[in-house]
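Q: Just passing along the structure, written as structure tokens.
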Amino acid sequence: MTLALLVFAATYLLMLRLQQYRPWVALCSAVLFIVLGEAGVYGFSLRAALQAVDYNVLLMMAGTMGTVALFIESKMPARLAEMLIVRVPDVKWAVCMLALFAGVISAFVDNVATVLMVAPVGLAIARKLKISPVPVIISIAVSSNLQGAATLVGDTTSILLGSFADMNFFEFFWMQGRPGIFWGVELGALASLAVLLWLFRRETQPVGAKVETEVEDDVPAALMLLTVGLLIAASFLPEPAAGPLHTAYELRSGLICMGLCLFGTVRACLRAKSAKPLGRVLGELDCDTLLLLFGLFIVIAGIQAAGVIDAAARLFHAVAGESPFRLFTLLVVVSVVLSAFIDNIPYVAAMLPVVQSIAALMNDGRGMEPYVFYFGLLTGATLGGNLTPIGASANIAAIGLLRKNGENVTTRDFLRIGVPFTLAAVLAGYVYLWLVWGRV
């Protein structure tokens, strides 16, 4: 176990230091775990490694990324943002509505893609009114991070949780007769809206925006809606006993997302009479994240086989004791703090099996339902990235966009919005999750 722990620690440190090489670090670490397993150091083989990869998650991510690329290309998001802005009275509400709009989009679209869709509208408004675009774009970024935990397809971490806990799209809204995590995220969004209204309380200039963007194609928007609808419908399918149908059932969410993406891409190519749409879709695929997850699935299976997961669970249980409330609080606080400085994808991927093991140790080994701990982990890890400029990819993308437009962004600029925004959203979600899920 000590050797596996050292390899895992080295992997994590290298991913922190070599951000641009994270996928290759994870893949090399995965190969090392397979070699150690085949050498008999612990019970882990190449077959077990390949079986540990969650292909449903990878297919879901790849398919959603492709459909989102077509959605952005259609210019529908920009038009929707403009239609929203023309209905607000002043800059204060314009910024808040843009942030809320970014959040709604981000519940179904990757956070970075959301920033790239909505930020240009914020930049145009700031230039027209001669105000600093820095707080406007930061507000859009942190709001997109917030809503990533709301649905199964909102963020990579949500997809990881859904797959690990065998949750379908509908169960993020309603699960086991109780409201799901979606409503906790929305309460956090309302709390953070109050923060934004206070931060921009002096920006009362009227907004004279127009709806100018022309949508080039309505079908990508329809494909986005169809993806959501089919994912909900798939949650009601009966599970086959075995065989090829059972395999297809296990991959159903990924096959839906990938199938709609392929349909949209082929249609776009036929419509353009060119392969350029295919090139654009392939160019928008986040291959780094896909490769990173592929490697992480194997690494985490390796440390689980070596006993590291059980040891980490015992450590958390020793600190929190038999109190579910203390454990829930510990998970939320640790997740918020760590995710402010490290990528939440490898963190959540590593912690999900730890949380499962901790829940099994509760009640003197009799165990308890892990869902409140899963939701606390996801909430803390997703929202914690808003504490710092480097805590989430959307933040980095937003700051890069501002600098590209000649704006200087300081850490203080970000913290002024990120800290109160995060604290309000986390506190609202924390209270909701415990009241609904922790006291059962």
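The values are calculated or read from the model by the stated rules, or taken from the named source; none is laboratory data. The shown structure was predicted, so the numbers you read here are calculated from the model rather than taken from an experiment. Because the Cβ atoms are built from the backbone with ideal geometry, glycine has one as well, and the counts that use them run over all protein chains shown. Surface areas here come from the heavy atoms of the whole protein model, side chains and all, with no ligands, DNA or RNA. Shrake-Rupley method; radii C 1.70, N 1.55, O 1.52, S 1.80 Å.
Q: Return a yes/no flag: does the stretch 404-416 have any residue that is of a type in the set (Val, Ile, Thr), without any contact (Cβ under 8 Å) to a residue 40 or more places away in the chain and not in a helix (DSSP H, G or I).
A: For the stretch 404-416, residues of a type in the set (Val, Ile, Thr), without any contact (Cβ under 8 Å) to a residue 40 or more places away in the chain and not in a helix (DSSP H, G or I): present.
Q: Residues that are in contact with a helix residue (DSSP H, G or I) (Cβ under 7 Å, 6 or more places away or on another chain) and closer than 30 Å to MET167 by Cβ: does the stretch 205-219 have at least one?
A: Within the stretch 205-219, one or more residues are in contact with a helix residue (DSSP H, G or I) (Cβ under 7 Å, 6 or more places away or on another chain) and closer than 30 Å to MET167 by Cβ.
Q: Within the stretch 48-58, which residues are touching a Ser or Thr at 6+ places or on another chain (Cβ under 8 Å) and assigned to a helix (DSSP H, G or I)?
A: Once the filter is applied, which keeps residues that are touching a Ser or Thr at 6+ places or on another chain (Cβ under 8 Å) and assigned to a helix (DSSP H, G or I), the stretch 48-58 yields ASN56, VAL57.
Q: Are there any helices (runs of 4 or more DSSP H) wholly within the stretch 69-133 with 2 or more residues that are open to solvent by less than 20 Å² (accessible area, probe 1.4 Å) and under 18 Å from LEU197 (Cβ atoms), and if so which?
A: Once the helices (runs of 4 or more DSSP H) in the stretch 69-133 are filtered for at least 2 residues that are open to solvent by less than 20 Å² (accessible area, probe 1.4 Å) and under 18 Å from LEU197 (Cβ atoms), what remains is 91-106, 111-129.
Q: Can you report the number of residues in the stretch 419-435 which are more than 20 Å from VAL142 (Cα to Cα) and open to solvent by 30 Å² or more (accessible area, probe 1.4 Å)?
A: Within the stretch 419-435, residues that are more than 20 Å from VAL142 (Cα to Cα) and open to solvent by 30 Å² or more (accessible area, probe 1.4 Å) number 3.
Q: Looking at the stretch 282-338, which of its residues are over 23 Å from ALA392 (Cα atoms) and not in a helix (DSSP H, G or I)?
A: Scanning the stretch 282-338 gives ALA306, GLY307, GLY321, GLU322, SER323.
Q: Let me ask you something else. Filter the stretch 206-227 down to the residues that are modelled with pLDDT under 80 and surrounded by 16 or more Cβ atoms within 10 Å (Cβ to Cβ), then identify the one that is nearest to PHE71 (Cα to Cα).
A: Among those that are modelled with pLDDT under 80 and surrounded by 16 or more Cβ atoms within 10 Å (Cβ to Cβ), it is THR213.
Q: Mind checking whether some residue in the stretch 362-382 is touching a residue at least 24 places away in the same chain (Cβ under 8 Å), farther than 22 Å from VAL436 by Cβ and assigned to a helix (DSSP H, G or I)?
A: Residues of the stretch 362-382 touching a residue at least 24 places away in the same chain (Cβ under 8 Å): 362-364, 368-382.
Narrowing the set further to residues that are farther than 22 Å from VAL436 by Cβ leaves 364.
Now restrict to residues that are assigned to a helix (DSSP H, G or I): none.
No.
Q: Run TRP198 past the list (1) at pLDDT 80 or above; (2) surrounded by 13 or more Cβ atoms within 10 Å (Cβ to Cβ) and report the number of the one that doesn't hold.
A: Result: TRP198 fails condition (2) only.
Q: How about the stretch 145-165: which of its residues are more than 15 Å from PHE373 (Cα to Cα) and of a type outside the set (Gly, Ala, Ser)?
A: Selection gives ASN145, LEU146, GLN147, THR151, LEU152, VAL153, ASP155, THR156, ILE159.
Q: May I ask you to say which residue of LEU378, LEU327 is crowded, with 20+ Cβ neighbours inside 10 Å and closer than 30 Å to ALA69 by Cβ?
A: So the residue among LEU378, LEU327 that is crowded, with 20+ Cβ neighbours inside 10 Å and closer than 30 Å to ALA69 by Cβ is LEU378.
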